[in-house]
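Written out below as structure tokens is the structure these notes cover.
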Amino acid sequence: MSNLPPTVFSFGETLVDVFEGHRAIGGGSLNFAWYLAMLGVPVTIVSAVGPDELGLEIKNFLTAAGVDISFIIDRPEPTGTVDVAIVDGEPKFKINDSAWDHIDLVRIPETAPEMIYFGTVAQRRSANRQALRKLLACNPKHRFYDVNL
């Protein structure tokens, strides 16, 4: 049994939820990575951000939390945003086309991760599905699949 801490890769969306009057950094993969980092688990996020203030804000937030951002790529598309509105007491989401819809796995992890987290939302585009397949080919011990219906 190894004494090394588990390694986790969180694949998917990094974005900003835009509510009436305020905004919040989020996205399933970002939230998952952030919570693991808060628990002291080494975690790397695989995503993409745009060349804008939101992208820099997300990178700074994750770095301050102790999340490895070396697998976040910079893209020409804007950093992800989701417009959130409350209609008849229920949240309605409009996911805007964004950088995280174009994730490219620029390198393969040196060792197999203990776990890879991924969800349905980040698989909206074929490029992301292809990058995810490359990451899963590293044969992680565990796969955590987050289904969004």
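At a glance:
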item	result
Every residue from the range 3-32 that is in contact with a Ser or Thr (Cβ under 7 Å, 6 or more places away or on another chain), assigned to a helix (DSSP H, G or I) and of a type in the set (Gly, Ala, Ser)	SER29
Matching residues, the range 55-79, being surrounded by fewer than 22 Cβ atoms within 10 Å (Cβ to Cβ) and small (Gly, Ala, Ser)	ALA64, ALA65, GLY66, SER70
Answer residue from the range 33-76, given it is assigned to a helix (DSSP H, G or I), among the small types (Gly, Ala, Ser) and in contact with a helix residue (DSSP H, G or I) (Cβ under 9 Å, 6 or more places away or on another chain) and is farthest from TYR117 (Cα to Cα) among those	GLY55
Filtered residues of the range 93-113 (kept if under 15 Å from PRO51 (Cα atoms) and assigned to a loop (DSSP other than H, G, I, E, B))	ASP97, SER98, ILE103
Members of the range 114-148 found to be assigned to a helix (DSSP H, G or I) and open to solvent by less than 10 Å² (accessible area, probe 1.4 Å), listed by number	ALA122, ASN128, ALA131, LEU132, LEU135
Residue tally, condition closer than 16 Å to ALA24 by Cα and of a type in the set (Phe, Trp, Tyr), over the range 68-98	1
Which numbered condition ASP52 misses (of (1) under 15 Å from the mean Cα position of the chain (by Cα); (2) without any contact (Cβ under 8 Å) to a residue 60 or more places away in the chain; (3) under 25 Å from ALA85 (Cα atoms); (4) open to solvent by less than 70 Å² (accessible area, probe 1.4 Å))	(1)
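The values are calculated or read from the model by the stated rules, or taken from the named source; none is laboratory data. Everything numeric in this text was worked out from a predicted model, so none of it was measured. Please note: Cβ atoms are built from the backbone with ideal geometry, for glycine as well, and neighbour counts cover all protein chains shown. To get the accessible areas, we keep the full protein, side chains included, count just its heavy atoms, and leave off ligands, DNA and RNA. Shrake-Rupley method; radii C 1.70, N 1.55, O 1.52, S 1.80 Å.
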